[in-house]
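First the structure, in the form of structure tokens, and then the observations on it.
Derivation of every value follows stated rules applied to the coordinates shown; laboratory data play no part. What you see is a predicted model; the values in this text were computed from it and never measured. Ideal geometry is used to build each Cβ from the backbone, glycine not excepted, and the neighbour counts take in all protein chains shown.
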Amino acid sequence: MVADDLGWNDIGFNNPDIISPNINYLAKSGIILNHAYVQPLCSPSRASFMTGWYPFRLGMQHLVLGHRQNACLPLDRVLLPQVLKKNGYKTHAVGKWHLGYCKWECTPNYRGFDSFQGYYASREDYYTKSHNDGFDFHKNKDVFWQANGTYSSYYYSAAVDKIIAQHNVTIPLFLYYPIQSVHEPLQYNYAILRLAAGMVTALDDAVGQLIHSLEKKGILNNTIIFFTADNGGWIPYHGNNYPLRGGKITIWEGGTRVPAFIYGKGVKKSEARYDGLMHAVDWFPTIAEAAGLKYDDPEMDGVSLWKSIIKLSPSPRTEIVYNLDNKTIPEEGHAAIRVGEMKLIVGIPGLFNSWYKPEEEWDEPLPKTDYSDMDELFGEMVEKRPDWKLYRGLFNLSADPYEHTNLYWQHPDIVRKLETRLHYHYSRMVPADYPPDDPASDPKYWGGAWSPGWC
């Protein structure tokens, strides 16, 4: 299960002020992944979840795929659901895709899923399922207008319940559940004092319904639930990553270290926090091994942590690449790497570079939700602080997890070591596939819906 834009401090097992009893129950009955990392934005993280590859090796490292872009997750990559399906699993996806849809071959039904219900692009209204004058909701290959009017987490809960209820238990099941919550727009019961916290409660209700559906089918005790966010919380839209620095659209810890846990069959620890490193690329091989499968891809960046997590033994991962983006304006962060406890940042870290307490209100204009003003915001930031373009940072994340003390000039030997690793990864990088908007995508050509078929 993937929660959208859920910050480190947006969940009850990290912050007791947040009401999330169902999520708390699963997390505390399983193993909380205390150092689970993802990418600074949605599409890159989802690309890593599905492929086990870093986004900079897929051309997916710059911002996110837009509604109108003629691009998608490379079609020559094998995806996790394809491997599971080949090994006898029934595979279903419910929620947000956001890995491209300009042609049918890019969409979930062609990438290993037996069924798909949800939306193709980055965000939409929770009730109307529309965005930028177009409707975005499909049930398999059909535009599903009937989803209009139902709050999305309620719709998804009902869809998941039906999938589980109708499943033949003699066949293994893989359900990919990238729910819309808690991505903006902030929409929920307005009687709730804090709307953003209320949306976390809506997410928690969906988790509670998932538990109920599995119990009702009699398969909860034979199920493993993997839970993660796709990036940190978005600061201007009430994302809460404190005390971590930064947030979504940055390579600071607040943008890339997220709430995550594993619960279920084979996970016998409880009230446990696993402190080993894990990255988004590791979910593919970890889930595959948990399913009893062996998938050999010598080019894959991910490694399985399944045995390490359930035994609480040291992680086989000792290095994380936060991002490599050589676009002229790398809004979400230019380059960063962690080796052991040391983290090196080279160039722009992103657009939100401070520590944002949950009680603080955002007092600047809100960024556009389609990211169309990112270049402008970047320019304003650099105008105020030109030194950000040449920024260099070195942090000991064991001693300084909140990135307060820059050690860059004190440890040139460590800097050289980490720069050597960055240069190696640069040698593997492919250019970002980030084309201009294609007018052929306009919903007016597709019956009012954002639909495939224009590339």
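Across the cross-link table entries K90/K141; K307/K327; K357/K389; K139/K216, which are compared at the Cα atoms, the separations over 29 Å belong to K307/K327. By the rule of a second cysteine Cβ within less than 4.7 angstrom, the chain holds isolated cysteines at C42. Remind me, relative contact order of the stretch 1-153 in percent, using alpha carbon pairs under 8 angstrom and six or more residues apart? This gives 14 percent for the stretch 1-153. Straight-line reach only, C-alpha to C-alpha below 19 angstrom: list the aspartates and glutamates that K384 could link to, leaving out same-chain residues fewer than 8 apart. Within the straight-line limit of under 19 Å, K384 reaches these aspartates and glutamates: E331, E332, D363, E364, D373, D375, E376. Of the residues S398, G379, L422, the one whose Cα sits farthest toward the positive end of the charge dipole of the stretch 324-426, with +1 on the Cβ of Lys and Arg and -1 on the Cβ of Asp and Glu, is L422.
Under the simplified labelling scheme, the K141-Q166 pair shows an inter-label distance of 1.8 nm, with each label point 7 Å from Cα along Cα→Cβ. Taking label positions 7 Å along the Cα-Cβ direction at both L186 and R385, the computed distance is 2.4 nm, reported to one decimal. With 29 Å as the limit, write out which pairs from K85/K343; K85/K248; K217/K269 have Cα-Cα distances beyond it, or answer none. Violating the 29 Å limit, Cα to Cα: K85/K343; K85/K248. Take the Cα of D363, go 7 Å toward its beta carbon, and the backbone nitrogen atoms of the stretch 232-253 under 17 Å from that spot belong to 236-238.
Could you tell me the distance between the Cα centroids of the stretch 331-346 and the stretch 107-130, to the nearest Å? Result: 32 Å between the Cα centres. In percent, what relative contact order does the stretch 125-279 have, based on Cα pairs under 8 Å that are 6 or more apart in sequence? That works out to 15 percent. Once every Cα of the chain carries one equal point scatterer and solvent is ignored, give the base-10 log of I(q)/I(0) from the Debye formula at q = 0.10 Å⁻¹, two decimals. Cα-only, vacuum Debye calculation for the chain: -0.67. Taken along the Cα-to-beta-carbon direction at a fixed 7 Å, the label points for D400 and S270 span 4.0 nm. Packing here is the average count of other Cβ atoms within 10 Å per residue, and on that basis the peptides 161-169, 3-11, highest first, run 3-11, 161-169.
Entry note, the chain: relative contact order of 24 percent, from Cα contacts under 8 Å with a spacing of 6+ residues. The share of C-alpha pairs in the stretch 311-427 whose separation exceeds 17 Å stands at 63 percent.
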